[in-house]
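Here the structure is laid out as structure tokens; the discussion comes afterwards.
The values are calculated or read from the model by the stated rules, or taken from the named source; none is laboratory data. This one's a predicted model, so the numbers in the text were calculated from it and none came from an experiment. FYI the Cβ positions are ideal-geometry reconstructions off the backbone, even for glycines, and counts take in every protein chain you see. Just so you know, the surface numbers come from the protein's heavy atoms only, side chains and all, with ligands and any DNA or RNA stripped out. Shrake-Rupley method; radii C 1.70, N 1.55, O 1.52, S 1.80 Å.
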Amino acid sequence: MGSEVEVSRPGTEDQFEVIERHTQWGLDLLDKYVKFVKERTEVEQSYAKQLRSLVKKYLPKRSTKDDPESKFSQQQSFMQVLQELNDFAGQRELVAENLTVQVCLELTKYSQDIKQERKMHFQEGRRAQQQLENGLKQLENSKRKFERDCREAEKAAQTAERLDQDINATKADVEKAKQQAHVRSHMAEESKNEYAAQLQRFNRDQAHFYFTEMPQIFDKLQDMDERRTARLGASYGLLSETELQVMPIIGKCLDGMKVAAAAVDPKNDSQVLIGLHKSGFTRPGDVEFEDFSQPMTRAPSDSSLGVPPDGRPDPRGPVRNRPKRWPFGRKNKTVATEDFSHLPPEQRRKKLKQQLEDRGRELQKEIDQREALKKMKDVYEKTPQMGDPASLEPRISETLSNIERLKLEIQKYEMWLAEAENRVLGSRRDSLGHHGHPPEPPTGAPPDTNNCSPDKESPEAPPSDEGTDTSIYTEFEEDFEEEPAFPIGHCVAVYQFEGSSEGTISMDEGEDLCLMEEDKGDGWTRVRRKQGGEGYVPTSYLRVTPS
């Protein structure tokens, strides 16, 4: 900017206006960018707020403990996706916050400082211009005065010369004219000296203005504008830098969504559904055929239609009491009871086990609280200034009362649980009694054991019938950590089984066996024969009576 002034001195004022317009445009651009970033942060904040509202809308209203749907992998994955989306919204809020602090606030303050600096530089330039203009006016005034005094002196000299040559003029007029001419000449000389001095001073001021003062002002304005431009460019880069700062966390959120998608397990969800809703009911047996074409007395049966127990027909006509087909029957509204007897056997057993676990935790909590109160009481007795031991008696008594109440409840639930488990076992025995042909053994191999003595008598396996009904439950859910050394019950072989693979043992139909280990979910139960020998047999081939 200063070099342009040095080349074109007469146009300094025009260049000054150009620089003024350019610097003002730069400040306007700075303010425009601040406004843009502010609106950008509002967009980010609105986006994050909408994402959080969306996540909150689809989160479950009840706790995970009370929501059976939370046990499914697809629901758990969906909850994880929502959580990752919520974290993603937090990163968008962080972007908005960083842009607000690093760009909007900082640039607004910088804009105010740069405007003040620009104003100071232009005031300094206008002051220098005004001083130069004042010097030029003084030079013009001294020049006009010198010019006027010179004309007056010349006119006075001509007058004196004319009177001197006029023979009619008196000596006094001639002397007066000469004196007037001398005075005018002296005044012209003084005006000349003043004009020369003023001209020299103006040339010095003008040189200082054009070669020193204004270039310095232009250099300051140039430096100011370059600093503003560099600051604006750095602020442009903050847009990308702010995004890059949150990219690692956003990447983790997206990876978490991928992990949630991969965690969906259809097979597991099917087993969870079965576990949540299996009832423990046995499948109904075959409906007997009743031949009404023969006039004979038929023995009543559970599946007879409309025949009273005494064999006499009902005068109101045949009543068709069809046996209930529970999977397709219409559910009646039941009233919830404390022992959960309104639930199917398996569901009742689960509920009772849950109640037992809850009561056990409450009991342990009360016991711990009682121990803490007893220790506090001992401290109070040893150090009376810390407190009155008698003040703890009501709380100790209340804790003891709660412990007794919980123990009674645990006994009650244990009794109900034993009853529920017996019903489940009874349903299983009834289901086994309905089989006309043995079911297929488990497809998996029996567990390896060193305590089993397999009895391989024949490589042939019993024929299977795919149409045969099987029990809903073919396994127990309880797992035993240690293998019992003594029988835990007795069982009867419902079907004959030929142990043909390693770890299995043969048994005859109707044979009494000792139950050594219950089914762990793989379809095999370990038994011991009376005549010796121990191994695994299919659980569905047994009728178990645990001791």
By how many nm would the segment from Arg144 to Gln50 lengthen if fully extended, with 0.36 nm per residue of separation less the alpha-carbon distance? 25.8 nm
Find how much the distance from Glu39 to Glu175 grows on full extension, using 0.36 nm per residue of separation minus their present alpha carbon separation; answer in nm with one decimal. 39.8 nm
For the range 17-165, what is the relative contact order in percent, using Cα pairs closer than 8 Å and at least 6 residues apart in sequence? 35 percent
Between Ser63 and Arg21, the FRET efficiency computed from the C-beta separation at R0 = 60 Å comes out, to the nearest 0.05, as 0.35
Given 37 °C, 0.692 mPa s and a Kirkwood radius over Cα pairs, the Stokes-Einstein diffusion coefficient of the range 128-225 in µm²/s is 201 µm²/s
Carbon/sulfur fraction of accessible area - the range 330-399, other protein chains in place, 1.4 Å, %: 51 percent
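Per residue, how much accessible surface does the range 89-161 expose to a 1.4 Å probe? Answer in Å², no decimals. Display every interim value, and only then the final one.
On the way: 4360 Å² over 73 residues.
Per-residue value: 60 Å².
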Kindly write out, for the range 143-156 in residue order, the coupling ³J(HN,Hα) from the Karplus curve 6.51 cos²θ - 1.76 cosθ + 1.60 (θ = phi - 60°), rounded to whole Hz, with x marking Gly and Pro. 5, 5, 5, 5, 5, 5, 5, 5, 5, 5, 5, 5, 5, 5
Excluding ligands, DNA and RNA, the carbon-plus-sulfur percentage of the accessible area of the range 171-282 with a 1.4 Å probe reads 57 percent
FRET efficiency, Met247 to Ser279 (Cβ-Cβ, R0 45 Å, nearest 0.05): 0.30
At R0 = 45 Å, how high is the FRET efficiency between Asp28 and Gln80 if r is their beta carbon distance? Nearest 0.05 is fine. 0.40
Given the C-alpha centroids of the range 492-526 and the range 351-407, what is the distance between them in whole angstrom? 50 Å
Looking at the range 69-210, what % of the alpha carbon pairs are farther apart than 24 Å? 70 percent
Using the Karplus equation 6.51 cos²θ - 1.76 cosθ + 1.60 (θ = phi - 60°), what ³J(HN,Hα) coupling, rounded to whole Hz, does each residue of the range 406-411 give in order, writing x for Gly and Pro? 5, 4, 5, 5, 4, 4
Carbon and sulfur atoms account, in whole percent of the 1.4 Å probe accessible area of the range 100-166, for 48 percent
Between the range 8-80 and the range 208-249, how far is it from one alpha carbon centroid to the other, in angstrom? 24 Å
How much length, in nm to one decimal, is gained on full extension between His490 and Thr383, taken as 0.36 nm per residue of separation minus their Cα-Cα distance? 32.4 nm
